[in-house]
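Bear in mind that the values in this text are calculations on the coordinates, not laboratory data. All values reported here derive from a predicted model rather than from experimental measurement. Quick reminder, even Gly has a Cβ in these numbers, built from the backbone with ideal geometry, and neighbours come from all protein chains shown.
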Amino acid sequence: MLSISKTLPLIFLSFLLAAFTPAYGAKKTAPAPKSQPKASAEAKLDQLPIAYLAQDPQSPPVLPFFEQAVTDRGVQGARLGIQDNNTTGRFTRQNFSLRESIVPPDGDVAAAFKALLADGHRHILLNLESTKIRELAALPESKNVLLYDIATRDDEFRGEACRPNVLHLLPSRAMRADALGQYLAKKRWNKWFLAAGPNDGDKLYAEAVKRAAKRFGAKIVAERTWQHSFDERRTPESEVPVFTQGVEYDILIVADESGLFGDFLPYRTWQPRPVAGTQGLVATAWHRTHEAWGALQLQNRFRDQAGRWMTEEDYGAWLAVRAIGESATRTKSVDFDKVKTFMLGEEFALAGFKGVPLSFRRWNGQLRQPVLIASERSMVAVAPVEGFLHPKNELDTLGYDEPESKCRF
């Protein structure tokens, strides 16, 4: 027998041979495949470009010293809408882009608009005055384009001067006045004192207020035009009581879209009466105090992005971009005709954080939506107010209904 001392080296040698010599009959291990180029994580997405066109004002509004001017009003809402669209687009294989075109005060808006068309944009958000939007909508190049009016509130632009290629995202003056009229009718404040400013917008809003008074059974007990200016001799404390005395009324309705005098009326009237209209209790598309129906998360996301509160123009731009995105998602297409057809059809429903689905009125391109009624630091009500009914859609109790509309595409 071999001794243990002689056996151990043999065992160790056998171990080495087994470790480094392939077993008899064993197949040779195939070489590892060479690494292939990694496939793209994202396949090519369907692209839907959206454009935003605005013009800086000739003379910015004069603001009180304590109020900061907003220079990016509107475009921030469009940017947030693009983010929201692309969140869904990652799953639907769609990508949305935003082209921003800001024209200087003395710039050529029509040239900038045509440049967007030349680059292939067919969905264009417009933050412009209604007269300029009408000019652009009438161009031959605009025939197969959708223009999204995110800023105006003109009733005529939704009436006799309407265009089939223009959609209106914000409530008209008539919708705002009707919203306020419904709430005042509910409160039984039926005697209205109407104080209007000298500007064209003030006069148009005053006309909308008169129409609302007739619709909801109120009476304009007095109508006066503000023609004063304040200096060291003529102060709000001296002028406002004189301006409002001698009339028995429930509420003072002010039409001052330029903000010349409306903010001076509360707490200075001859009689202790509330103020509503363009100042005081206002009817608006969006308000910083709105938090119901998930609106708070939209408010927070917008503030994180823009560093300020969302304005009506921001909300209008966000709605426009989201309407495009919603239509593209539902149709599973970025084709212009398919998106447009769905957006203007009966199945379209847009979530606007107002408790009910929003949709476009087929007769004038107006987005039907609830109107918020708010004071400076409080959400007071939402119109349509409970009790005001409509045979098809209660949102059509605000503004011009189809039988009343003068819009003929």
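The GNM of the chain, with springs linking C-alpha atoms under 10 angstrom apart, assigns the highest mean-square fluctuation among 84, 46, 304 to 304. At full extension, residue 270 and residue 237 could sit 10.9 nm farther apart than now, given 0.36 nm per residue minus the alpha carbon distance. When +1 charges are put on Lys and Arg Cβ atoms and -1 charges on Asp and Glu Cβ atoms, the dipole computed for the chain relative to its Cα centre reaches about 2000 debye.
Ranking 55, 321, 306 by Cα position along the charge dipole of the chain, where only Lys, Arg, Asp and Glu carry charges on their C-beta atoms, puts 321 farthest toward the positive end. With each label modelled as a point 7 angstrom along the Cα→C-beta vector, the residue 186-residue 247 pair spans 2.5 nm. Between residue 251 and 191, 193, the built amide H atoms are under 5 Å apart, and every one of these is 5 or more places off in sequence or on another chain.
Within region 332-394, the GluC sites (Glu not before Pro) that combine a DSSP coil assignment with at most 15 other C-beta atoms in a 10 angstrom radius are 346, 347, 376, 386.
Taking all C-alpha pairs of the chain, those more than 26 Å from each other amount to 61 percent.
The trypsin sites (Lys or Arg not before Pro) of region 368-405 that meet both conditions, a loop assignment by DSSP and at most 10 other Cβ atoms within 10 Å of the site Cβ, are 377, 392. Put a dot 7 Å past the Cα of residue 332, heading toward its Cβ, do the same for residue 66, and the two dots end up 5.7 nm apart. Averaging the Cα positions of each part gives two centres, and for region 97-148 and region 341-409 these lie 26 Å apart. The distance from the alpha carbon centre of region 264-324 to that of region 162-223 is 18 Å, rounded to a whole number. Its DSSP H runs of at least 4 residues, each contributing -39,500 (n - 2.57), put the calculated 222 nm mean residue ellipticity of the chain at -10500 deg cm²/dmol, to the nearest 500.
Under the convention that each Lys and Arg Cβ holds +1 and each Asp and Glu Cβ holds -1, the size of the dipole of region 175-284 around its Cα centre is about 680 debye. For region 88-151, trypsin sites (Lys or Arg not before Pro) meeting the loop criterion (DSSP other than H, G, I, E, B) and having at most 16 other Cβ atoms within 10 Å: 93, 143.
Given R₀ = 41 Å, FRET efficiency for residue 214-residue 291 by Cβ-Cβ distance, to 0.05? Efficiency at R0 = 41 Å is approximately 0.75. Length gained on full extension, residue 308 to residue 47, computed as 0.36 nm times the residue gap minus the Cα-Cα distance: 90.9 nm. Candidates 183, 225, 244 compared by Cα position along the dipole of region 175-284: farthest toward the positive end lies 183, with charges placed on Cβ. Between residue 378 and residue 347, the modelled labels are 4.5 nm apart [label points 7 Å from Cα along Cα→Cβ]. Summing Lys and Arg as +1 and Asp and Glu as -1 over all other residues whose Cβ lies under 14 Å from the Cβ of residue 187 gives a net charge of +2.
Comparing mean-square fluctuations of 59, 101, 258 from a GNM of the chain with C-alpha springs under 10 Å, the top value falls on 59.
In whole angstrom, region 332-409 maps to an equivalent ellipsoid with semi-axes of 26, 17, 11, each derived as √(5λ) from the alpha carbon gyration tensor and ordered largest first. Please build a GNM for the chain, connecting alpha carbons under 10 Å apart, and tell me which residue among 365, 77, 387 fluctuates the most. Largest GNM mean-square fluctuation: 387. Computed over region 194-314, the convex hull of the alpha-carbon atoms projects to a mean area of 9.6 nm². For region 215-226, the Karplus equation 6.51 cos²θ - 1.76 cosθ + 1.60, evaluated at θ = phi - 60°, returns couplings of 5, 10, x, 8, 10, 7, 7, 7, 9, 9, 9, 6 Hz by residue, with Gly and Pro reported as x.
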